[in-house]
1. Name, by its number, the condition in (1) modelled with pLDDT of 95 or more; (2) outside any loop (DSSP other than H, G, I, E, B) that does not hold for Gln89.
2. If you check Val29 against the conditions, is it assigned to a strand (DSSP E or B) and out of contact with any Ser or Thr (no Cβ under 9 Å at 6 or more places or on another chain)?
3. For Phe92, which of the numbered conditions (1) farther than 14 Å from Phe30 by Cα; (2) in contact with a Leu (Cβ under 9 Å, 6 or more places away or on another chain); (3) in contact (Cβ under 8 Å) with a residue 40 or more places away in the chain; (4) surrounded by 18 or more Cβ atoms within 10 Å (Cβ to Cβ) fails to hold?
4. Quick check, is Val29 within 16 Å of Val128 (Cα to Cα) and modelled with pLDDT under 95?
5. In this structure, is Thr105 assigned to a strand (DSSP E or B), without any contact (Cβ under 8 Å) to a residue 24 or more places away in the chain and either within 15 Å of Asn50 (Cα to Cα) or not small (Gly, Ala, Ser) (or both)?
6. Can you name the condition, by its number, that Tyr73 falls short on among (1) without any contact (Cβ under 8 Å) to a residue 60 or more places away in the chain; (2) out of contact with any helix residue (DSSP H, G or I) (no Cβ under 7 Å at 6 or more places or on another chain); (3) within 16 Å of Thr31 (Cα to Cα)?
7. Step by step: first the residues of the stretch 32-57, then only those that are part of a loop (DSSP other than H, G, I, E, B) and on the phi < 0 side of the Ramachandran plot, then the one that is modelled with the lowest pLDDT. Which residue is that?
8. Tell me, which residue of the stretch 36-67 that is buried (at least 19 other Cβ atoms within 10 Å of the Cβ) and under 13 Å from the mean Cα position of the chain (by Cα) is farthest from Cys94 (Cα to Cα)?
Amino acid sequence: MSFKGALLAMLLALGATAPALADTYNGSVFTSSPVSVTAGQEFLIAIPGNPTTGYSWTGRSSSGTVTVWGSAYEGPSATVKQKMGAGGQQIFVCKANKPGTAQITFSYARPWQKGMKAARTMTFSVTVK
């Protein structure tokens, strides 16, 4: 199984009762911009989200410098008193392909509402050395 497949399987298996991904993933997890990584490095970007609202994040890279492979949702930490409908975070699996810069733009929208403006957007600036 490829690294991408293994990492996505791990993300999906984490579920709401697993420890925080940053504690289980042995790599870089970014929660804010800017991001600095080396060519060939896999890394994660974590963004707060709540799919119980119908909204989810999608990510798109501005260039082939960085690839966004996909994402998985991680619910609230089991150590936090959980409230019904509490949000967690959406974790994006990314890879730095070659030296350069890229912008990854994330859009928070309801996928079935075609043609609607995203409720929120976030942009991460990525420098690959």
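1. (1) is the only condition that Gln89 fails.
2. Working: assigned to a strand (DSSP E or B): yes; out of contact with any Ser or Thr (no Cβ under 9 Å at 6 or more places or on another chain): yes.
Yes; evaluated as a whole, the condition is true for this residue.
3. Of (1) farther than 14 Å from Phe30 by Cα; (2) in contact with a Leu (Cβ under 9 Å, 6 or more places away or on another chain); (3) in contact (Cβ under 8 Å) with a residue 40 or more places away in the chain; (4) surrounded by 18 or more Cβ atoms within 10 Å (Cβ to Cβ), only one is false for Phe92: (1).
4. Details: within 16 Å of Val128 (Cα to Cα): yes; modelled with pLDDT under 95: yes.
Spelling it out, Val29 is indeed within 16 Å of Val128 (Cα to Cα) and modelled with pLDDT under 95.
5. Details: assigned to a strand (DSSP E or B): yes; without any contact (Cβ under 8 Å) to a residue 24 or more places away in the chain: no; either within 15 Å of Asn50 (Cα to Cα) or not small (Gly, Ala, Ser) (or both): yes.
For Thr105, the condition - assigned to a strand (DSSP E or B), without any contact (Cβ under 8 Å) to a residue 24 or more places away in the chain and either within 15 Å of Asn50 (Cα to Cα) or not small (Gly, Ala, Ser) (or both) - is not met.
6. (2)
7. Step one: of the stretch 32-57, the residues part of a loop (DSSP other than H, G, I, E, B) are 32-34, 38-41, 50, 54-55.
When the remaining residues are screened for being on the phi < 0 side of the Ramachandran plot, the result is 32-34, 38-39, 41, 50, 55.
Working: Ser32: 93, Ser33: 94, Pro34: 95, Thr38: 96, Ala39: 97, Gln41: 94, Asn50: 90, Tyr55: 94.
Applying the filter and picking the extreme gives Asn50.
8. The qualifying residue farthest from Cys94 (Cα to Cα) is Gly49.
The values are calculated or read from the model by the stated rules, or taken from the named source; none is laboratory data. Source: prediction; values computed, not measured. Cβ atoms come from the backbone with ideal geometry, glycine included; neighbour counts cover every protein chain shown.
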